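Down below is the structure, laid out as structure tokens.
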Amino acid sequence: MSTISQIRHLTPELFARLQQLTDQLTPQPMTLDEEVIRELIASPHSHLYVALCEEEIAGMLTLGCYPSPTGRKAWIEDVVVDAAYRGRGIGADLVRHAIDEARRLGVEQLMLTSNPMREAANRLYQRMGFERKMTNCYKMDKGL
């Protein structure tokens with residue numbers, strides 16, 4: 001069991017830990033932008049949560065909320081648990097916390113995407129009540 005905390009202040013040590021976790025999230029190296037992380041933390045629409053286990057940051061998750069014409073929605077993004085802490089239910093703790101927060105914020109639909117190759121993560125999301133949606137997912141990278 002882990003303790004989930006919302007990040008409200010960024011320290012150099014915390015930023016370094018977030019980078020370490022991000023390195024485990026994506027196969028391609030991705031350098032975090034400190035200003036983007038500060039913007040995320042300051043936004044009333046974005047919530048960065050970390051899971052603390054044995055007083056160490058063991059994982060993270062971002063919850064982004066927004067109103068739309070079809071209701072208040074939220075996305076779970078960038079869920080990652082450090083390899084040294086996997087298999088302890090920390091991912092489930094993070095997702096459960098995000099679900100609870102989405103309810104508290106009046107969200108009507110909570111969504112996430114997950115690479116099919118992340119089999120354990122996909123099983124977790126289905127166990128927690130997420131349903132696979134038959135839709136195409138498109139993206140446009142930074143070259144906007």
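Observations
- Between segment 58-104 and segment 5-23, the Cα center-to-center distance that results, in Å: 16 Å
- Counting charges near residue 89 (Lys, Arg +1; Asp, Glu -1) among other residues having Cβ under 12 Å from its Cβ returns a value of +3.
- Near-label residues of segment 92-122 by backbone N, under 20 Å of a point 7 Å along Cα→Cβ of residue 131: 96, 99-100, 102-103, 107-114, 122
- Mean separation of Cα contacts under 8 Å (6+ apart) over length of segment 16-144, as relative contact order %: 18 percent
- For the chain, built as a Gaussian network whose Cα springs stay under 10 Å, the top-fluctuating residue of 44, 69, 29: 69
- J(HN,Hα) series, segment 98-107, from Karplus relation 6.51 cos²θ - 1.76 cosθ + 1.60, nearest Hz, glycine and proline x: 5, 4, 4, 5, 4, 4, 4, 8, x, 5
- When the Cα convex hull of segment 32-96 is projected onto planes of every orientation, the mean area is 5.5 nm².
- Proximal charge balance of residue 53 [Cβ under 12 Å; K/R count +1, D/E count -1]: -3
- For segment 114-119, the Karplus equation 6.51 cos²θ - 1.76 cosθ + 1.60, evaluated at θ = phi - 60°, returns couplings of 8, 4, x, 6, 8, 4 Hz by residue, with Gly and Pro reported as x.
- Solvent-accessible surface of the chain, averaged per residue with a 1.4 angstrom probe and all protein chains in place: 67 square angstrom.
- Using the Karplus relation 6.51 cos²θ - 1.76 cosθ + 1.60 with θ = phi - 60°, the per-residue 3J(HN,Hα) values for segment 62-68 come to 10, 10, x, 10, 7, x, 9 Hz, with x marking Gly and Pro.
- This structure gives mean projected area of the Cα convex hull in nm², computed directly, and of (i) 12.8; (ii) 7.9; (iii) 9.5 that value is listed as (iii).
- Choice from 30, 128, 117 with maximal GNM fluctuation in the chain (Cα, 10 Å cutoff): 117
The values are calculated or read from the model by the stated rules, or taken from the named source; none is laboratory data. Keep in mind that this is a model prediction, so the values were computed, not measured. Every residue, glycine as well, gets a Cβ built from its backbone with ideal geometry; the counts of neighbours run over all protein chains shown. These accessible areas exclude ligands, DNA and RNA; they are computed on the full protein's heavy atoms, side chains included. Shrake-Rupley method; radii C 1.70, N 1.55, O 1.52, S 1.80 Å.
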